[in-house]
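Okay, structure first, notes after.
The values are calculated or read from the model by the stated rules, or taken from the named source; none is laboratory data. Keep in mind the model is a prediction, meaning the values are calculated, not measured. Here the Cβ positions follow ideal geometry from the backbone for every residue, glycine too, while neighbour counts run over all protein chains shown. Please note that ligands, DNA and RNA were not included when accessible areas were found on the heavy atoms of the full protein model with its side chains. Shrake-Rupley method; radii C 1.70, N 1.55, O 1.52, S 1.80 Å.
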Amino acid sequence: MDKKIAVLATGANGSCISADLTRAGLDVFMIDQWPAHIEAMRANGLTIRMKDEEYNTKVKAYHLTDVCTLNEKFDVVLLTSKAYDSAWLTEFIKPYLADDGMIMAVQNCMTAEMIADKVGPERTMGVVVELASQLFDPGEVHRSTRPEKTWFGVGAFHPAHRHRVEEAQAYLAKAGRCDIVSEDVIAAKWMKLVVNSMTMALKAILGTTNEQVFKLDGVRDIFLRSGEEALTAGQMMGHKIVPIFGLKKEDVENTNQLLEVLLEKITHDVGPTALNTMLQDHMKGRLSEIDMINGVVSAESNKRGRPTPVTDLLIEFTNEIYAGRLKPSTDNFALIKQRLAVH
């Protein structure tokens, strides 16, 4: 695979993937909008810390403003940004994407079809990702999900790129397990959105890790109620139930405990101490992907006449944190339970 690979918006997950691909001998260009992160990696390399391992890798790091100086085009772009930055970053990198290149949206939310509209479906690949990591200090990433526990799913959502699925799989297999989601990758991405909608916002509002959150009486019920709203929204939109996270068809089909299975799997895989990305956003004082995860569930449900009281409340509390009227805290749990009791 003697090709040029750009990892665009190298936050925590993008940095982990970049390190793995670089260590595998691939020609990787890390491109990011955080100047301090780029300068730290240029000076000292990229450090990845895991529970029982730490390593430093020399990487090729570029500011967004450096891209205009490159006189070559990329064969593969791994877009690892926040979902709300996907549209402008796709337009940004489009002139630097080879005519037969490919953008792989390795991120949360339903961005793949939007990217295909901008660069063509033949140059787009759908990806589902399970990888937990944290980036607070420039050039230093804590990876909660080790490579052997990291999971990617790739698949075609348009005939124009069906022949490229195995190529995409080969790249991501350098950073974790990568399965071909042959049935319906868009449905698989919605399944991941269900998991994110079910777990991320509530844990972020409460300021908790997995180890902490399940000590709260009644929290599992709220997780499952939120997940049910997201799952129902997807079914109303026509998304099938498909396996993700390395689960098998029999694990997710013909069961009345699907959400419990997904909740247990994600909790086990990311471990007890991981800080989910929404909580990291609150800690950093920036916007999260709430509007493109829980917000999509609410919008799609409500336009079909189905209320989403738990989802809407999680959005409301998240907006209160944005406004500075609340802080992430387990104190918020009593308020949430009180509000939901009237529904």
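Before moving on, here are some points about what is shown:
- Matching residues, the stretch 178-212, being among the hydrophobic types (A, V, I, L, M, F, W, C) and open to solvent by 10 Å² or more (accessible area, probe 1.4 Å): C178, I180, V181, I186, M200
- Qualifying residue in the stretch 28-39 (condition: acidic (D, E), more than 30 Å from H158 (Cα to Cα) and either free of Cβ contacts under 8 Å to residues at least 12 places away in the same chain or open to solvent by less than 10 Å² (accessible area, probe 1.4 Å) (or both)): no
- Qualifying residue in the stretch 326-335 (condition: buried (at least 19 other Cβ atoms within 10 Å of the Cβ) and either touching a strand residue (DSSP E or B) at 6+ places or on another chain (Cβ under 7 Å) or over 22 Å from D179 (Cβ atoms) (or both)): yes
- Filtered residues of the stretch 140-153 (kept if among the acidic types (D, E) and at pLDDT below 95): E148
- Among the residues here, T65 does not qualify as in a helix (DSSP H, G or I), open to solvent by less than 20 Å² (accessible area, probe 1.4 Å), free of Cβ contacts under 8 Å to residues at least 60 places away in the same chain and within 23 Å of I115 (Cα to Cα).
- Scanning the stretch 276-287 for any residue that is open to solvent by less than 20 Å² (accessible area, probe 1.4 Å) and either over 27 Å from S144 (Cα atoms) or among the β-branched types (V, I, T) (or both) turns up nothing.
- Matching residues, the stretch 225-239, being over 20 Å from V181 (Cβ atoms) and either part of a loop (DSSP other than H, G, I, E, B) or open to solvent by 30 Å² or more (accessible area, probe 1.4 Å) (or both): R225, E228, M236
- If you go through the stretch 278-310 and pick out every residue that is closer than 19 Å to Q212 by Cα and at pLDDT below 95, you end up with 0.
- Hits in the stretch 146-177 - residues which are touching a strand residue (DSSP E or B) at 6+ places or on another chain (Cβ under 7 Å) and surrounded by 20 or more Cβ atoms within 10 Å (Cβ to Cβ): T150, W151, F152, G153, V154, G155, F157, H161, A168, Y171, L172, G176
- Meets criteria (more than 20 Å from A188 (Cβ to Cβ), in a loop (DSSP other than H, G, I, E, B) and at pLDDT below 95) for N71: yes
- Given (1) modelled with pLDDT of 95 or more; (2) farther than 24 Å from A170 by Cβ; (3) of a type outside the set (A, V, I, L, M, F, W, C); (4) open to solvent by 20 Å² or more (accessible area, probe 1.4 Å), index of the condition K60 fails: (2)
- For the stretch 245-272, a residue qualifies if it is open to solvent by 30 Å² or more (accessible area, probe 1.4 Å), among the acidic types (D, E) and within 26 Å of M50 (Cβ to Cβ), and exactly one does: E264.
- Unmet requirement for V242, which otherwise passes all of (1) surrounded by fewer than 22 Cβ atoms within 10 Å (Cβ to Cβ); (2) assigned to a loop (DSSP other than H, G, I, E, B): (1)
- Subset tally (residues that are charged (D, E, K, R), assigned to a helix (DSSP H, G or I), within 17 Å of I205 (Cα to Cα) and out of contact with any Leu (no Cβ under 9 Å at 6 or more places or on another chain)) for the stretch 269-323: 4
- Candidate set from the stretch 219-233 (those that are in contact (Cβ under 8 Å) with a residue 60 or more places away in the chain and out of contact with any Asp or Glu (no Cβ under 8 Å at 6 or more places or on another chain)); member that is nearest to T311 (Cα to Cα): S226
- Taken over the stretch 74-108, the residue count meeting the criterion of being closer than 28 Å to D269 by Cα, of a type in the set (A, V, I, L, M, F, W, C) and surrounded by fewer than 22 Cβ atoms within 10 Å (Cβ to Cβ) is 1.
- Take the conditions (1) over 21 Å from N108 (Cα atoms); (2) in contact (Cβ under 8 Å) with a residue 24 or more places away in the chain; H239 misses just one of them, which is (1).
The rows are residues; the columns are (1) open to solvent by 10 Å² or more (accessible area, probe 1.4 Å); (2) within 30 Å of A24 (Cα to Cα); (3) modelled with pLDDT under 95; (4) in contact with a helix residue (DSSP H, G or I) (Cβ under 8 Å, 6 or more places away or on another chain).
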| position | (1), (2), (3), (4) |
| --- | --- |
| D117 | yes, no, no, no |
| V128 | no, yes, no, yes |
| P138 | yes, yes, no, yes |
| F223 | no, no, no, yes |
